[in-house]
Amino acid sequence: MTQGSTINVHVLREFRKNYKVLVALGACAINVGLPAMRNHFKVEDCLNESYIDGLGVENAQIPSDPELPLLLDKVHPIHEIVKIDYYMLGCPPSGDVFWTFLSDNIAGEELSLPYELLHFD
């Protein structure tokens, strides 16, 4: 694991410690979605393809600003790092999914997301 990924995992674990409810939003957080395609390649190769060798890239460099989080060696679903209380499905979750989630949660009811609310664009 890189230093940046250790920091990101630490922050996520701090969220878990300090909040009663943690919600995973969208397909990428829940099952890693398209970003998981990167798991078949080395991070260095992905960065080189994106910033150095990519089609149409000229005189470029890989960003190295300390404010940018470093990539994990592999992409992981959030529930592999911390316990998740609720999952809001979709790519992205629609406004109706947010409304239903919040309404059910405030009413103290079990989350119920009808299939017709879910979409994966």
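Values in this text are rule-based calculations from the coordinates and carry no lab data. All figures in this text were calculated on a predicted structure; none of them were measured in a lab. Cβ placement follows ideal geometry from the backbone for every residue including glycine, while neighbour counts extend to all protein chains displayed.
Give me Rg over Rh for the stretch 61-121, both radii from the alpha carbons and Rh done the Kirkwood way, two decimal places. Write out the running numbers ahead of the final one.
On the way: Rg = 16.5 Å, Rh = 14.5 Å.
Rounded to two decimals, Rg/Rh equals 1.14.
For the chain, just list the percent of Cα-Cα distances falling in each 5 Å bin from zero outward, please.
Histogramming the chain at 5 Å steps yields 2, 9, 15, 17, 17, 14, 11, 8, 4, 2, 1, 0 percent.
Quick one: helix 95-106 against the long Cα principal axis of the chain, what's the angle to the nearest 10°, folded into 0 to 90?
Value to nearest ten degrees: 50.
How many nm separate the modelled label positions at residue 106 and residue 36, each set 7 Å beyond the Cα in the direction of the Cβ?
Label-label distance for residue 106 and residue 36, simple model: 3.4 nm.
For the stretch 12-18, just list the computed ³J(HN,Hα) in residue order, Karplus coefficients 6.51, -1.76 and 1.60, θ = phi - 60°, integers in Hz, with x standing in for Gly and Pro.
For the stretch 12-18, the Karplus-derived couplings read 4, 5, 5, 4, 4, 5, 9 Hz, x marking Gly and Pro.
Taking every pair of alpha-carbon atoms in the stretch 34-95, give the share separated by more than 14 Å as a whole percent. The partial results should precede the final answer.
Numbers: 1342 of 1891 pairs.
Counting every Cα pair in the stretch 34-95, those more than 14 Å apart make up 71 percent.
Go through 63-70, 27-34 and give me the packing order, highest mean Cβ count within 10 Å leading.
Per-residue mean Cβ counts within 10 Å order the peptides as 27-34, 63-70.
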